[in-house]
Amino acid sequence: MVNDLVVEATDLHKEFQRDAFQVIALQDVHLTVQKGEFVAFMGPSGSGKSSLLYIIAAIDRPTRGRVKVLGRDLLQLKERAMADWRNENIGFIFQTFNLIPVLTARENVELPLLLTHLSRQERAEHAATALGLVGLSDRMDHYPRQLSGGQEQRVAIARAIVSDPSIILADEPTGDLDAQSAQEILTILSRLNRDHGKTILMVTHDPHAARHASKIRYLEKGQLLPEGAPQPE
């Protein structure tokens, strides 16, 4: 049903300048995502996967085209309004964790809440709840240097979900992790999708990671291949 659409992208095109060359990252991309889906985007390096994710996250803008997320036309939002909308609706998980080393796990998770009207105590409670969901209740006062890579990524997931966003976007969330840590992260994402109804869009190079998704979409040379198309060589 149309009301269940959380992402609707039409004719997306993204290009940028790199030295003397014009690089086309996306061309003529059409995409719809239903509420509650877990979609994995795969494709070779340079195929446009991350560019698509960043546009949906309202971190970047397309060169042309139209993108609606949760019913909002993102291209109609000014920069400040876009930042506020993103903080309220989007949880983003980066491959490289992006934790602040001088802050504890709890303080890192609290960061998105500093833009809300929550009190200090409420922020601490929300952060504790999010860290509990990813199994780190006993690591709240640890600094990133005191955590393993898998634990750091779990802190990053807690930070992404602390504001209870409707959509979680993950850019190679297991790319820097060993096999066991990667499996733990994928289990958490699957649980957030299955038990908490979060819509998840994940970029990955790993076929094992992609199998945790309910749908796999492939990109090649900036184009989103038709649904059901085989993986490009």
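Readers should treat all values here as calculations from the given coordinates under stated rules, not as data from a laboratory. Small disclaimer: the values here were computed from a predicted structure and weren't measured. Positions of Cβ are generated from backbone atoms using ideal geometry, with glycine treated the same way; all protein chains shown enter the neighbour counts.
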Per-bin percent of Cα-Cα distances, the range 36-101 [5 Å] = 3, 13, 24, 25, 19, 12, 4, 0
Hey, which lysines would be in cross-link range of Lys215, C-alpha to C-alpha under 23 Å, not counting anything within fewer than 8 residues on its own chain?
-> Lys35, Lys49, Lys68, Lys198
Roughly how many debye, to the nearest 20, is the charge dipole of the chain about its Cα centre, given +1 on each Lys and Arg Cβ, -1 on each Asp and Glu Cβ, and no other charges?
-> 320
Global geometry of the range 78-122, whether rounded, prolate or oblate, following the gyration tensor of its Cα atoms and the 1.5 cut on a/c | oblate
GluC sites (Glu not before Pro) restricted to DSSP loop in the range 1-38 with at most 14 other C-beta within 10 Å = none
Checked the range 136-233 against the a/c 1.5 cut and the a/b vs b/c comparison, axes a ≥ b ≥ c from its Cα gyration tensor; verdict prolate
Across Ile55, Ile93, Ile168, the residue with the highest GNM fluctuation in the chain (Cα network, 10 Å cutoff) is Ile55
Compactness ratio of the chain: Cα Rg over 2.2 N^0.38 Å, N = residue count?
-> 1.01
Where a ≥ b ≥ c are the square roots of the eigenvalues of the C-alpha gyration tensor, would you call the range 1-70 rounded, which needs a/c under 1.5, or, failing that, prolate if a/b is larger than b/c, or oblate?
-> prolate
Mind checking the alpha-carbon convex hull of the range 70-194 and giving the volume per residue in Å³?
-> 112
Spatial separation of Cα centroids for the range 1-70 and the range 135-155, in angstrom | 32
Contour minus Cα-Cα distance for Gln180 and Gln76 (0.36 nm per residue) | 33.2 nm
